[in-house]
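The values are calculated or read from the model by the stated rules, or taken from the named source; none is laboratory data. Quick caveat: nothing in here was measured; it's all calculated off a predicted structure. Note that each Cβ is placed from the backbone with ideal geometry, even for glycine, and that neighbours are counted across all protein chains shown. The area values use the complete protein model at the heavy-atom level, side chains included, leaving out ligands, DNA and RNA. Shrake-Rupley method; radii C 1.70, N 1.55, O 1.52, S 1.80 Å.
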Amino acid sequence: MISFDKEICTNFQEASSREWLETNGIGGFSSSTISGANTRRYHGLLTAATKPPLGRITMLSKFEETLILDGEKFELSSNQYPLKVNPDGYLFIKNFRLDPFPIWTFEVEGIEIEKKIFMVDGQNTTVCQWSLISSQKSEISLELKPLFSFVDYHALQNETYDVDMEFAVENDYVSIKPFNDLPELFLKHSTAEIEKTGYWYRNFEYEIEKERGFDFQEDLFQPFKLKFDLKESARIVVSTEKQTISDVETFEKGEIERRENLIKVSGAKDDFAKQLVLAADQFIVSRSEGKTIIAGYPWFSDWGRDTMISLSGLTLATNRPEIAKSILLEFSTHISQGMLPNRFPDASDEAEYNTVDATLWYFEAVRAFVEKTGDYDFVKKNLFGKLVEIIIWHLKGTRFNIHVDTDGLLYAGEEGWQLTWMDAKYNDEVFTPRIGKPVEIQALWYNALCIMTDFAERFGDDDGAMQYRSTAEIAKESFNKVFWNEEAECLYDIVKNGDKDSSIRPNQIFAVSLPHTMLSIGKARKIVEKVEAELLTPFGLRSLSPNHEKYCPIYIGSPYERDSSYHQGTVWGWLIGGFVDAYRKVHPNGHKTDKRIEEILEGFKIHLSEAGIGQISEIFDAEEPHK
């Protein structure tokens, strides 16, 4: 459980800087801040995935909440308008906790109200509940005004005559379909009085969008209001399907049990590990008949690279290998010309293939799966032929000039494209094109060849094993000749036609951390020392050394300013995994090494109570306080 007391909750800036996230396992989500004020266009009580895991539509933005005590009204909501927060209901928040989902305690005139929000796994359904904890008042009621947006989740709503504010009331349902091309939304309630309103609320301001250099004002429409007598809990089930109020307790019990079971299955012992297990689950979603991984909330879809990098941690380390198998199988159906998709765009059914590393991380994901499960039969039957095909395409050449050079190393890149994980691009400007032979691509290529050698030997493909082994040996010899930077005692970042980029970047850590390495232990130790000295922070590795002329310590400003600094110093949390694995390799002293790694991870434990609570941020500023 993560909790915040009144001191944090009643400080608008502190409370609004902490965001909660609920997900539904099919790509939909619910998210906002502790204060109740939305600070992003992506905040909302129900963002439905209409074509799982994509087709996301933000339907219900929030409720305006008014507590009525013996006729006197108290606003529990909070909104940021131009130059003003109104209402300021955050001042009534006594406590917020993530236990396991968002729960608020409001205290008004000695009355305590508990509010909770959670999503139902596998459905575009959000459950909201307000309950009276203690009271000395005779008449207590709650008035809720739903504020709707009904827009693509990347978009903002503006007041328009095109919205149909008519709604239908049937038993305890209120249904609304403001646009013909969007799904109908159902609000199932526990015996509320319904009153027609038909207003627009104008000029909500979203501070984070303003900071990001995007449009930051939105109008929301409010067709009706609901009034509850709080003698019984006020419950609303917001869904794209018809639900029943009697299901609420079943939904809640089921979600609590589901999350408890995730922790039990994982074997996590301490609170930090348990919270990471719950956080990991939020990224695993359905695609077609299989599973995939969302690259990040709130705006990313599923990306091949991110999926394969994180598969081991999200599924195998949490003891859910059946999920890993489903993901590996699902992505195998999207292999084209020996390449895994880079991403599945929101607005298209066509996958994009502009990546060189996603495919190579796939080999490592398959290897990790087999190491965990021993299920070689699955690999032989379903994946090995596709892996062979991938190697063949890379040897002869595939999209974006990806091909094995005469030295056995893998060349990749064309002007105007970004193929590695350092993929920031603004309009036509690619900030880190890294065309040529990037260091981590060689490490991944060699690792893949060694994995294929092992598979081929096991599956009786002697000719294949011989070819993979010899190609790997050529790559290893070439790599050690051209990539070692004797002066800096580490690896070059890119080699291209004799030119060598000596920028100190974290990519070289994978030449040490991957299971199959081309390096001697002496060189590996020096690389780890160099990365630790210049790139390690409490929240991951810097993407560029502070000693470099292009180093950007702060990630802020317009889209151009942010994209141009994205991989020029900005700290990336995911890189800590490669660093820890590399550190263990070169420091075999168990107890001492464990203690050092505990120190390295301490910052992440603290971070769970910041920003996206219960989660770890994608990136951090390169300098203290590492915002």
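A compact table of results
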item: With 10 Å bins from 0: P(r) over the stretch 530-598, alpha-carbon pairs, percent; result: 20, 43, 24, 11, 2
item: Estimated distance in nm for a label pair at Ser233 and Ile554, the labels positioned 7 Å out from Cα along Cα-to-Cβ; result: 4.6 nm
item: Over the stretch 448-490 - Rg/Rh using Cα atoms and the Kirkwood inverse-distance radius; result: 1.21
item: Low-density loop positions, GluC sites (Glu not before Pro), the stretch 542-627 - DSSP coil, at most 13 other Cβ in 10 Å; result: Glu549
item: Alpha-carbon centroid distance for the pair the stretch 265-298 / the stretch 42-103, whole angstrom; result: 25 Å
item: Under 15 Å, Cβ to Cβ, from Ser17 - net charge with Lys/Arg +1 and Asp/Glu -1; result: -3
item: Simple Cβ-charge dipole of the chain, Lys/Arg +1 and Asp/Glu -1, about Cα centre, in debye nearest 20; result: 1440 debye
item: Inter-label distance for Ser288 and Glu14, nm, one decimal - labels placed 7 Å from Cα along Cα-to-Cβ; result: 5.0 nm
item: Glu112 long-range amide H proximity, modeled H, under 5 Å; result: Ile133, Ser134
item: Zone residues, the stretch 21-35, relative to Ile606, backbone N less than 15 Å from point 7 Å out along Cα-to-Cβ; result: none
item: Two-site FRET efficiency, Glu429 against Lys137, from Cβ-Cβ distance with R₀ of 41 Å, rounded to 0.05; result: 0.10
item: Amide H partners (placed H, <5 Å) of Asp302, local residues excluded; result: Ala295, Phe344
item: Accessible area of the chain belonging to carbon and sulfur atoms, whole % at 1.4 Å probe; result: 46 percent
item: Kirkwood hydrodynamic radius of the chain, from inverse mean 1/r over distinct Cα pairs, in Å; result: 26.2 Å
item: Total formal charge among the other residues, if their Cβ is under 11 angstrom from that of Met452, Lys/Arg +1 and Asp/Glu -1; result: 0
item: The chain - mean residue ellipticity at 222 nm from DSSP helices (-39,500 (n - 2.57) per run, n ≥ 4, rounded to 500); result: -9500 deg cm²/dmol
item: Accessible area per residue in Å² at 1.4 Å probe, computed on the chain; result: 41 Å²
item: C-alpha center-to-center spacing [the stretch 537-564, the stretch 481-507] in angstrom; result: 20 Å
